[in-house]
Amino acid sequence: MKFGGTSVEDANAFRGVAKVVAVAADLIPVVVVSAISGFTNALLKSVERAVRGDARNATRGLEPEFIRHLSIGRELLNADANTRFEQAVATARVEIRQLHKIITAHPVTTPPLQDEIVAYGEHLSSQLLAAVLREHGVAARQVDARRCVKTDENYGNAVPLSETDQAARNEIEPLVKAGKIPVLGGFIGSTATGVTTTLGRGGSDYTAALVGAALNAREIQIWTDVSGVLTADPRVVENARTIPILSYQEAAELAYFGAKVLHPKTIQPAVDKNIPVRVCNSRAAKEAGTLIVAQSEGAPQTIKAIAHKNGITVVQITSARMLGAYGFLRKLFEVFDQHQTAVDVVTTSEVSVSLSIDDASNLEDLRADLGVLGSVEIEKDRTIISVVGEGLRNTPGIAAKVFSVIDDINVSMISVGASSVNLTFMVDEAHASETIRRLHQVCFEESIGSGRKSSSATSQLSGARSTGPIGRTARRSSRG
Ligand code: ADP
Ligand code: ASP
Ligand code: MG
């Protein structure tokens, strides 16, 4: 059971989590928790300040966050437990102060020390949650997640190693056998030599999946602030609604193309062990949420959701040398490899290739090296929009319907068929919200009376609404 930052943002939220875990206690859960909301951002900001040479204010700026922790402890813990937690916060403050000083004096130490500092978010939240659970009669024990998740040395975005399976079992199984409920911080891990690492922003979901897979859990549950995976980002589409069932592939595509509710790497460990993933609302625990399962038969064939990812840069390389030549694409991708830049979407014509990248931090170096291969054009502030659903495999006419409702918006880099459950294209960021709202309307809301013409394919598109009794369908399914 993984609880995200907003599920532990204040004392009330902690109480809610404690109730959810207490109800599930007989099922022997393992609990994974993120830093309290906003704390990871504050810790990262403190590192930036330290790098700029302002170690004192780097630490001072964290004071409101320490106070938030202390007030949650005071409200929810008995006197002894609270004293222990106050000591933990005081120790964190002193240790973070030392680390800020080292960074200011030696900025080259930043990558590993940044992870060391950021990890305090999850150290403190897991200690606090374990203590709060004990107050609620749950036999919880904090576990150091760094001893469970073993990674490479790619600080800030570390890749878990296969040793994680055994390490997690060694740490967690003895506790479970002794009737305890382990509570570990998400997002953090350590290298073979024990140096702290982190798995990338939002990585607690991934920790839950890694640990769930290592322990052969019956289910991996992601508890968050919305009732499951929704048909679109609720910050863009007000009436986005819960998708009862998704296939692993659909969920992976949605996560990869921007549905923040799941970290993009969450699905793979579940796929490896065929473990269902459930996304539920920690503020409305009775709602069924979304169940993510292996077989697409379990996930009826329709359009399920629209995902989007802002801040995309498109790089276009044009060269007549491409015509009929072999080896050109290899050289092109080698440049991206050299500059450690991941490519999301690719489209090509006879003489040009367009590629989209999320992380443009090495853009100028990329531009220089790509310039050797052809002329390079760069477009910033683009948005990738992905329409996802198993129905794309075999429902004719979906692309036509999708594009007909946005026929006044400039669309590029259309890609369909590569994954067979995903239709992807690019628009200007300025038009993204409007595009998503219109697509949501035609795919999921047509009966609400949009005023736009409804179409024959709309009923196929909107099938996500008719997948049956949500709660029961979702609950009935279990592993194997
Ligand atoms: P947590 O702190 O629990 O990990 P996140 O903020 O990382 O929570 O993810 C949950 C948020 O993801 C939601 O509040 C919502 O704003 C956003 N989100 C974006 N796309 C979707 C989607 N398709 N379905 C559900 N939530 C989405
Ligand atoms: N606390 C980390 C973050 O904010 C990890 C997570 O929340 O999943 O990115
Ligand atoms: Mg998250």
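The values are calculated or read from the model by the stated rules, or taken from the named source; none is laboratory data. This structure is a prediction, so every number in the text was calculated from the model and none was measured. Reconstructed Cβ throughout: ideal geometry from the backbone, glycine too, with neighbour counts over all protein chains shown. Protein only, heavy atoms only, side chains kept; ligands, DNA and RNA dropped before computing areas. Shrake-Rupley method; radii C 1.70, N 1.55, O 1.52, S 1.80 Å.
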Between residues in region 196-216 that are closer than 22 Å to E95 by Cα and residues that are assigned to a helix (DSSP H, G or I) and within 13 Å of ligand 3 (Cβ to nearest atom), which pairs lie under 7 Å by C-beta distance while being six or more apart or on different chains?
-> L199/Y206; L199/T207
Checked A342, A325 against criteria (touching a residue at least 12 places away in the same chain (Cβ under 8 Å), small (G, A, S), farther than 14 Å from I378 by Cβ and open to solvent by 40 Å² or more (accessible area, probe 1.4 Å)); the one match is A342
Can you name every residue in region 83-117 that is over 19 Å from E153 (Cβ atoms), in contact with a Ser or Thr (Cβ under 7 Å, 6 or more places away or on another chain), away from ligand 2 (no atom under 16 Å from the Cβ) and open to solvent by less than 10 Å² (accessible area, probe 1.4 Å)?
-> H100
Strands (runs of 3 or more DSSP E) wholly in region 192-284 with at least 3 residues that are in contact with a helix residue (DSSP H, G or I) (Cβ under 7 Å, 6 or more places away or on another chain) and either open to solvent by 50 Å² or more (accessible area, probe 1.4 Å) or more than 12 Å from ligand 1 (Cβ to nearest atom) (or both) - which ones?
-> 196-198
Return the pairs, sorted by first residue and then second, in which the second residue is away from ligand 3 (no atom under 13 Å from the Cβ) and among the basic types (K, R), the first residue lies in region 36-47 and is modelled with pLDDT of 95 or more, the beta carbons are less than 6 Å apart, and the residues are 6+ apart or on different chains.
-> none
Taking region 1-15, which residues are more than 15 Å from ligand 3 (Cβ to nearest atom) and surrounded by fewer than 20 Cβ atoms within 10 Å (Cβ to Cβ)?
-> D10, A11, N12, R15
Looking at (1) over 24 Å from P107 (Cα atoms); (2) within 15 Å of ligand 2 (Cβ to nearest atom); (3) in contact with a helix residue (DSSP H, G or I) (Cβ under 6 Å, 6 or more places away or on another chain), can you tell me which one F14 breaks?
-> (2)
Residue hits (region 118-137; over 22 Å from G200 (Cα atoms), open to solvent by 10 Å² or more (accessible area, probe 1.4 Å) and touching a residue at least 60 places away in the same chain (Cβ under 8 Å)) are E135, H136, G137
Of everything in region 299-322 that's hydroxyl-bearing (S, T, Y) and over 30 Å from L392 (Cα atoms), which residue is most open to solvent (accessible area, probe 1.4 Å)?
-> T318
Among T318, T313, T290, the single one that is of a type in the set (V, I, T) and touching a Pro at 6+ places or on another chain (Cβ under 9 Å) is T290
Members of region 22-42 found to be surrounded by fewer than 22 Cβ atoms within 10 Å (Cβ to Cβ) and part of a helix (DSSP H, G or I), listed by number = A22, V23, A24, A25, D26, L27, N41, A42
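Every residue in region 352-384 that is among the hydroxyl-bearing types (S, T, Y) and over 29 Å from the mean Cα position of the chain (by Cα), please. Spell out the reasoning first.
Of the residues in region 352-384, the ones among the hydroxyl-bearing types (S, T, Y) are 352, 354, 356, 361, 375, 383.
Across region 352-384, the qualifying residues are S352, S375.
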For region 48-59, does any single residue satisfy the condition of being within 16 Å of ligand 2 (Cβ to nearest atom), touching a helix residue (DSSP H, G or I) at 6+ places or on another chain (Cβ under 9 Å) and either at pLDDT below 95 or not in a loop (DSSP other than H, G, I, E, B) (or both)?
-> yes
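More than 13 Å from ligand 3 (Cβ to nearest atom) and under 11 Å from the mean Cα position of the chain (by Cα), is that true of Y256? Spell out how you get there, then give the answer.
Working: more than 13 Å from ligand 3 (Cβ to nearest atom): yes; under 11 Å from the mean Cα position of the chain (by Cα): yes.
Answer is yes for this residue.
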Got a number for residues in region 214-240 being touching a Ser or Thr at 6+ places or on another chain (Cβ under 9 Å) and closer than 29 Å to L27 by Cα?
-> 13
Residue that is modelled with pLDDT of 95 or more, out of contact with any Leu (no Cβ under 9 Å at 6 or more places or on another chain) and away from ligand 2 (no atom under 16 Å from the Cβ), where the choices are A368, A325 | A368
What pairs can you find where one residue is in region 428-442 and more than 20 Å from R241 (Cβ to Cβ), the other is open to solvent by 10 Å² or more (accessible area, probe 1.4 Å) and acidic (D, E), and their Cβ atoms are less than 8 Å apart, with a gap of 6+ or different chains?
-> D428/D381; E429/D381; A430/D381
